[in-house]
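Chemist: The structure under discussion is supplied below as structure tokens; questions concerning it will follow.
The values are calculated or read from the model by the stated rules, or taken from the named source; none is laboratory data. Because the structure is a prediction, the values reported are computed rather than measured. Cβ placement follows ideal geometry from the backbone for every residue including glycine, while neighbour counts extend to all protein chains displayed. Calculation scope for accessible area: heavy atoms of the full protein, side chains included, ligands and nucleic acids excluded. Shrake-Rupley method; radii C 1.70, N 1.55, O 1.52, S 1.80 Å.
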Amino acid sequence: AQKITQTQPGMFVQEKEAVTLDCTYDTSDPSYGLFWYKQPSSGEMIFLIYQGSYDQQNATEGRYSLNFQKARKSANLVISASQLGDSAMYFCAMSPSTLGRLYFGRGTQLTVWP
Amino acid sequence: DGGITQSPKYLFRKEGQNVTLSCEQNLNHDAMYWYRQDPGQGLRLIYYSQIVNDFQKGDIAEGYSVSREKKESFPLTVTSAQKNPTAFYLCASSRRGPQKETQYFGPGTRLLVL
């Protein structure tokens, strides 16, 4: 069975500080991809970052980085220098290579305060 | 501009009525997906299609139907058999199966039952 767990329903961070959003996953597939999406209050899902299970280095995209610990099956999102516009729901997702689809966690609501 | 469009933005359904949600993409993507999102929840997969004229059930396909007659289009019909259709519906597409191929999302359709 495939499973994504996000244990933080809500997180708060002050502007300009860094924040880590947790994600753990479970799959028996040796090859898989890990994704993070941002969902503002408007509802649209915005792709942030991708990590492949065989990638040697942690993925980075601007202020976003993915702390990938394969042995622990964790794929935490780190947002550096938080901005007010980062306030949104954040979803972790996984794609096992054999199944051709994504599995989503329940999300973490991030609030950035001035 | 390339992207995914969904219409309508809001849709109202009467009891016993079938309604169809539109999803169109001009990204030349092979794969398309339909998700349902309930308040405070993650995304759940309804149906997906890897190629034209072929589609597979997701986790919550009961009460829904789809067709994939054109590469660009993947309409979702919410039938009267779906007893609790009120939700936010998101359509997505990717170049192939989503492992290593990011899914891009449309703006969504909010379905309400009158």
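Chemist: In the range B:25-58, how many residues are surrounded by 14 or more Cβ atoms within 10 Å (Cβ to Cβ) and either more than 23 Å from B:Gly3 (Cα to Cα) or within 12 Å of chain A (Cβ to nearest Cβ) (or both)?
Modeler: 20
Chemist: Here's a follow-up. If a residue counts only when it is over 15 Å from the mean Cα position of the chain (by Cα), which strands (runs of 3 or more DSSP E) contained entirely in the range A:48-114 have at least 2 such residues? Even if it seems obvious, please write down each step before you answer.
Modeler: Working: elements: A:64-69, A:74-79, A:88-96, A:108-113.
Passing ranges, in order: A:108-113.
Chemist: So, in the range A:18-47, exactly how many residues are polar (S, T, N, Q) and either in a strand (DSSP E or B) or open to solvent by less than 70 Å² (accessible area, probe 1.4 Å) (or both)? Steps first, please.
Modeler: Start the filter on the range A:18-47 by keeping residues that are polar (S, T, N, Q), which leaves A:20, A:24, A:27-28, A:31, A:39, A:41-42.
Pick out the ones that are also either in a strand (DSSP E or B) or open to solvent by less than 70 Å² (accessible area, probe 1.4 Å) (or both) and you get A:20, A:24, A:27, A:31, A:39.
Qualifying residue count, the range A:18-47: 5.
Chemist: Being among the basic types (Lys, Arg) and away from chain A (no Cβ under 14 Å) is the filter; apply it to the range B:69-114 and report the residue that is nearest to B:Arg36 (Cα to Cα).
Modeler: Step one: list which residues in the range B:69-114 are among the basic types (Lys, Arg), which gives B:70-71, B:83, B:95-96, B:100, B:110.
Retained after the next criterion (residues that are away from chain A (no Cβ under 14 Å)): B:70-71, B:83.
Details: B:Lys70: 22, B:Lys71: 21, B:Lys83: 14 Å.
Taking the candidates together, the pick is B:Lys83.
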